[in-house]
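Here's the structure, in structure tokens; my notes come after.
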Protein chains: 2
Amino acid sequence: MHITFCCADTRPEPWLEGLRAALPGATVSEWRPGAAQADHAVVWSPPQQFLDEQPGLKGLFNIGAGVDALLKLKLPPAAKVVRLDDAGMSVQMAEYVCHAVIRHFREFDGYEADMGAGRWSFRKPRTRADFAVGVMGLGVLGQRVAKALRHFEFPVHGWSRSAKAVEGVHCHAGADQFDGFLSACRVLVNLLPLTPDTRDILNRRTLSRLQPGGYLINVARGAHLVDEDLIALLDEGHLAGATLDVFRTEPLPAEHGFWKHPKITLTPHTSARTLRDESIAQIAGKILALERGEPVAGVVDPVRGY
Amino acid sequence: MHITFCCADTRPEPWLEGLRAALPGATVSEWRPGAAQADHAVVWSPPQQFLDEQPGLKGLFNIGAGVDALLKLKLPPAAKVVRLDDAGMSVQMAEYVCHAVIRHFREFDGYEADMGAGRWSFRKPRTRADFAVGVMGLGVLGQRVAKALRHFEFPVHGWSRSAKAVEGVHCHAGADQFDGFLSACRVLVNLLPLTPDTRDILNRRTLSRLQPGGYLINVARGAHLVDEDLIALLDEGHLAGATLDVFRTEPLPAEHGFWKHPKITLTPHTSARTLRDESIAQIAGKILALERGEPVAGVVDPVRGY
């Protein structure tokens, strides 16, 4: 069995060594144009040429949770696209989102500014019941985030394409229930996959439905959000703030209005990093399962887009 | 039955109204010098004169978790001292501590500085296994905090005066196991009651035992910490930082070295506020239980100090 590795923005050596150690019966090498046919590929944003030259691939293992970049390409006909499920990402996502929600709810930015100016301040505690949090996307990451928010006793709503049941979470599903979901929430967390249906889903119409003083946390993809609509709603005062980890263009271009906006907190796409060791172990296990003809978790439906 | 109310820094009207509604069979009034004898008192830092004039009190209900200020006074001989247990404080404490731990572990202060300066930065993810968190004090608040930290998969150690068992937490107990507890931890969270045994417990000797790059979160009482020892260990580099919510003198005096220290995050004693409605309901329930001769939770052992 031969495994090829073709990942943009990733140092290959530690991945190659890790995959060789995890799959001692396989040969593992970095892809070069004209290389021999491989059985499986470990990929991140590969060039179309790679896919064109590897028509016999059985598995394409994406080293991230989102496969939107991969699904834009023409794929080998028999290749299953497999995304990472969890591999240490869900706990990071829960951390990131809980940190952002707590920071906003408890006004820690405000206290930091007060104390930085030498002011011992008093702010009236806010009421948890007024801070319902909505989680868009109830896959592995979304469910973990919802559960973590419940731990802090926030009212939690969830929305997904198809109906789901998550303990302690008010679940809404499908286009019909989207507006009702939005108007039940003050804080909105986006964890949706990026598909033609979800592109631009965070826009003036939808974000206006959040309760007054609404707050957006986007940890999915930049193309879910209509940037200028967010800025307008912040400037008009309907939204109180936003924490953004992902952007239409990354790195965020120097001239973008998000950089200096006083109500926006930015991080450089760091909410849930791919952890190499966990990912290698998971991918190696799935390759062996596919080879034995067993089902594996995380196989993408190319029509649905996730 | 007569209930008297004597709380410093607290607007009495909403408490009086709430207690009257919760205890319709009782008279409830604010204490004045020379007032009639009461059966029970709701107190926060009362003057000695109040206690001297009310020798017949059966219950002294403290509207906070820490009773150190009350135990400094000479108390009526038959009065049980009862502290609030939870009443909405433990979830606030879990929020505060998790926010501080996550913010430090994930370097969100650093990312905020990077992005504020227009820099799209990369920081190598830290390893969760290197960030063991130790919780000092395993009462209602400490156990809730430890549980919340476990939710984010941090290794969690606990230390208490007498041995406890908390699921998922490495529990240490007593003076003999204190040094071993400290050296197992990188982040230290203080939730101890303030007693003669615990005053100054966070000092050069003890904080030096934390793993290099150690981090202190003090949410108990300012007098647990020897301020100048913390500043020295931060300046020497053994400790990486601290988040402090409580101080020897509050408000923190203008000339104090904590105000402008670059490695210290300050908040104005806001980690867990007394929530009025929850507290009134709890105190009313305990007054009725005591009157029926039933045991109540949170009765303080004056010798032990909590």
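Computed from the coordinates by the stated procedures, all read-outs in this text should not be read as laboratory data. For clarity, every value in this text was computed on a predicted model and none was experimentally measured. Here Cβ is always computed from backbone atoms with ideal geometry, including for glycine, and neighbour counts include all displayed protein chains.
Geometric descriptor of segment B:98-142, per residue, is 71 Å³ (volume of the convex hull of the Cα atoms).
For the pair B:M1 and A:E167, a Förster radius of 45 Å applied to the C-beta separation gives a FRET efficiency near 0.60, rounded to the nearest 0.05. Under 5 Å between amide hydrogens, built in the peptide plane, is the criterion, and for A:V28 it picks out A:I3 among residues at least 5 positions away or on other chains. The mean number of Cβ atoms from other chains found within 10 Å of a Cβ in peptide B:95-104 is 5, as a whole number. Think of the protein assembly as shown as a dipole: +1 on every Lys or Arg Cβ, -1 on every Asp or Glu Cβ, centred on the Cα centre; then among B:A220, A:W159, A:I63, A:W159 lies furthest on the positive end. If you take all other residues with their beta carbon under 13 Å from the beta carbon of B:G142, and give Lys and Arg +1 and Asp and Glu -1, the sum is +3.
So how strong a dipole does segment A:154-306 carry about its Cα centre when Lys and Arg Cβ are +1 and Asp and Glu Cβ are -1, to the nearest 20 debye?
Values: 16 positive and 18 negative charges, 25 e Å.
It comes to approximately 120 debye.
Work out the length of the dipole vector of chain B about its Cα centre, built from +1 on the beta-carbon of each Lys and Arg and -1 on the beta-carbon of each Asp and Glu, and round it to the nearest 20 debye. Write out the running numbers ahead of the final one.
Values: 34 positive and 35 negative charges, 112 e Å.
So the magnitude is around 540 debye.
With the radius of gyration and the Kirkwood radius both derived from the Cα set of the protein assembly as shown, what is their ratio Rg to Rh?
On the way: Rg = 27.8 Å, Rh = 27.0 Å.
On the Cα set of the protein assembly as shown, Rg over Rh gives 1.03.
Could you give me the ³J(HN,Hα) list for segment B:152-165, computed from phi with Karplus coefficients 6.51, -1.76, 1.60 and θ = phi - 60°, whole Hz, x at Gly and Pro? For segment B:152-165, the Karplus-derived couplings read 9, 6, 6, x, 10, 10, x, 9, 9, 5, 10, 5, 10, 10 Hz, x marking Gly and Pro. Output the 0 to 90 degree angle, nearest 10, between the alpha-carbon long axis of helix A:227-236 and the longest principal axis computed from the alpha carbons of chain A. Orientation of helix A:227-236: about 10 degrees from the principal axis. If the label point is 7 Å along Cα→Cβ of A:D179, which residues in segment A:199-235 have backbone nitrogen under 11 Å from it? Residues A:206, A:209 fall inside that zone.
Summary for A:R150: label point 7 Å along Cα→Cβ; distances to the equivalent points in the other copies, ascending, 1.7 nm. Would you mind counting up the charge near A:A242? Only other residues with Cβ under 11 Å from its Cβ, with Lys and Arg at +1 and Asp and Glu at -1. With Lys, Arg at +1 and Asp, Glu at -1, the net is -1. Think of the protein assembly as shown as having a plus end and a minus end, set by charges on the Cβ of Lys, Arg, Asp and Glu; of A:A242, A:H99, B:Y306, B:Y306 sits farthest toward the positive end of this dipole. Taking GluC sites (Glu not before Pro) in DSSP loop states with no more than 13 other Cβ atoms inside 10 Å as exposed sites, chain B has its longest site-free stretch at B:1-166. Charged neighbours of A:A65, selected by a Cβ distance under 10 Å, balance to -1 (K, R count +1; D, E count -1). Please compare each pair in A:K74/A:K260; A:K147/A:K286; A:K124/B:K286; B:K74/B:K260; B:K80/B:K260; A:K58/A:K147 to a cut-off of 32 Å on the Cα-Cα distance and tell me which ones are over it. Where the Cα-Cα span goes over 32 Å, the pairs concerned are A:K74/A:K260; B:K74/B:K260; B:K80/B:K260; A:K58/A:K147. Paramagnetic label reach from B:S29 (point 7 Å along Cα→Cβ; backbone nitrogen cut-off under 17 Å): within segment B:40-65, residues B:40-42, B:50-51, B:53-57.
Note on segment A:3-42: the C-alpha convex hull projects to 2.8 nm² when averaged across all orientations. Overall size of chain B from C-alpha positions, given as principal axis extents largest first: 66, 43, 33 Å. Across the copies of the chain, A:P24 has label points (7 Å from Cα along Cα→Cβ) spaced 7.8 nm apart, shortest distance listed first. State the Cα centre-to-centre distance between segment B:50-86 and segment A:116-171 in whole Å. Answer, in whole Å: 38. Convex hull volume of the Cα atoms of segment A:90-266, normalised per residue: 122 Å³. The C-alpha atoms of chain B define a longest principal axis, and helix B:89-105 lies at about 10 degrees to it. In segment A:9-132, the convex hull through the Cα atoms has an average projected area of 12.5 nm², a quarter of its surface area.
At an R0 of 51 angstrom, the distance between the Cβ atoms of A:E294 and B:E228 translates into a FRET efficiency of 0.20.
Under the convention that each Lys and Arg Cβ holds +1 and each Asp and Glu Cβ holds -1, the size of the dipole of the protein assembly as shown around its Cα centre is about 520 debye.
Relative to the longest principal axis of the Cα atoms of chain B, the long axis of helix B:276-291 makes an angle of roughly 50 degrees.
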